[in-house]
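These notes concern the structure reproduced below.
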Amino acid sequence: MRCVIARYPFELSKDGVLGSMKGVTPELITAESVTIGRRRYPVKQVGEVITRQDRRDFSSGEVVRALTRLGFTCHEHPDAVRAAPPLRTASELLGGPASWEA
């Protein structure tokens, strides 16, 4: 499939994207993401790998459109990334008030 990303034409295929991303460790997801195989990658990381361009040169929307046309599932929000649970005090962990008297 022919597409334009950052004003440059690319000939992309689903197998080509799968091959390019094979062995690439996903970065932390903070924005749009895409499922490739059994892994979920940030869209900008995938765009950088498949185009060999700096991720500041293209928008995530350009990559999302291309990957969606190839049949990949794109995700708008990082629902897999959640905030850390609140910290618990020692007394909560021990089940009662903490005794710090000597």
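Since every read-out is calculated from the coordinates, none of them should be taken as a lab result. Please read all numbers here as calculations on a predicted model, not as lab measurements. In this analysis, Cβ positions are derived from the backbone assuming ideal geometry, glycine residues included, and neighbour counts consider all displayed protein chains.
What length, rounded to one decimal in nm, is gained on full extension from residue 53 through to residue 30, with 0.36 nm per residue of separation minus their alpha-carbon distance?
That pair, residue 53 and residue 30, stretches by 6.3 nm at full extension.
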- Message: At 0.36 nm per residue, and after removing the present C-alpha to C-alpha distance, how many nm does the segment from residue 18 to residue 40 gain when stretched out fully?
- Response: 6.7 nm
- Item | Only Lys, Arg (+1) and Asp, Glu (-1) charged, at Cβ; the stretch 1-77 dipole about Cα centre in debye | 160 debye
